[in-house]
Amino acid sequence: MAAHETNESGQGQGQPQGLGGGSDSRVARTHLSVAGLRARGWTAGMVRQLLGEPDLFRVNPYSRAAPRIRLYCAERVEAAERSEEFRAVTAAAVRRSAAARVVARRRLREVLARITAEPIDVPRLAPRELAALAVEYRDRRDGALGTVGSADPGGLDRWKVDCLRHQLARYDELLDRLYGGAGWAAGEELLRRRVYTAIAEAYPVLARECERQLSGREGGPPLE
């Protein structure tokens with residue numbers, strides 16, 4: 001079925017404009033949007049392969065600058081869903097989805113195993129050197145100017161841990177293979193825990209601050 005074009009006002013030729021009320025209510029009953037098709041299990045590829053061009057275009061009610069809403073005749077959709085081709089394409093899509101999940105799970109296991117096995121090499125510094133580096137890191141990060149003597153003990157411990165975490169930020173590259181994937185959060189949490197644990201083991205006096213920051217960052221941003 002040929003798609004109806006819209007004139008310059010956005011109204012389909014021979015079709016009422018808009019998405020609500022009057023004849024548009026009838027359109028809502030007789031046509032399906034892309035979102036409606038997706039809710040029925042259609043993918044973009046299936047729509048292109050089995051339905052082709054939309055039967056109707058509507059102006060987006062929220063923004064006239066946005067792409068027009070594509071609508072497909074419900075009768076044509078239902079006829080396609082009864083076809084052998086639809087069943088075959090649907091089965092193939094399910095198989096591809098299952099295969100993709102298997103690959104994602106395997107990749108997650110591989111990355112988590114690598115993060116678990118990777119030694120976290122925390123720099124071992126003398127107390128004075130670490131304190132000086134911590135103040136320098138804090139000043140550079142916040143644009144402040146301070147000294148070791150002017151810092152309160154709690155604040156200095158926080159700067160020390162922050163400085164050491166910054167030194168260990170190179171381990172973030174372990175997450176590159178997961179970036180944007182479903183397993184990224186799990187990998188980032190494991191790496192964060194390993195980094196804080198390594199800092200606490202290297203500097204027992206900072207263990208309490210590491211625990212405080214870790215508890216405050218659960219589900220929070222990645223390492224800086």
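The values are calculated or read from the model by the stated rules, or taken from the named source; none is laboratory data. Not measured: the values here are computed from a predicted model. Positions of Cβ are backbone-derived with ideal geometry, glycine not excepted, and every protein chain shown enters the neighbour counts. With ligands, DNA and RNA removed, areas are computed over all heavy atoms of the protein, side chains included. Shrake-Rupley method; radii C 1.70, N 1.55, O 1.52, S 1.80 Å.
Below are the figures for this structure:
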{"item": "Burial ranking of peptide ranges 156-165, 186-195, 103-112 (average Cβ count within 10 Å, highest at the top)", "result": "156-165, 186-195, 103-112"}
{"item": "Sequence of His166, His31 from largest to smallest accessible area, 1.4 Å probe", "result": "His166, His31"}
{"item": "Separation of the Ala91 and Ala66 label points, Cα + 7 Å toward Cβ, nm", "result": "3.8"}
{"item": "Rounded to the nearest 10 Å², the accessible area of Glu201 at probe 1.4 Å", "result": "130"}
{"item": "Under 11 Å, Cβ to Cβ, from Arg40 - net charge with Lys/Arg +1 and Asp/Glu -1", "result": "-1"}
{"item": "Tyr72 long-range amide H proximity, modeled H, under 5 Å", "result": "Leu32, Ser33, Asp55"}
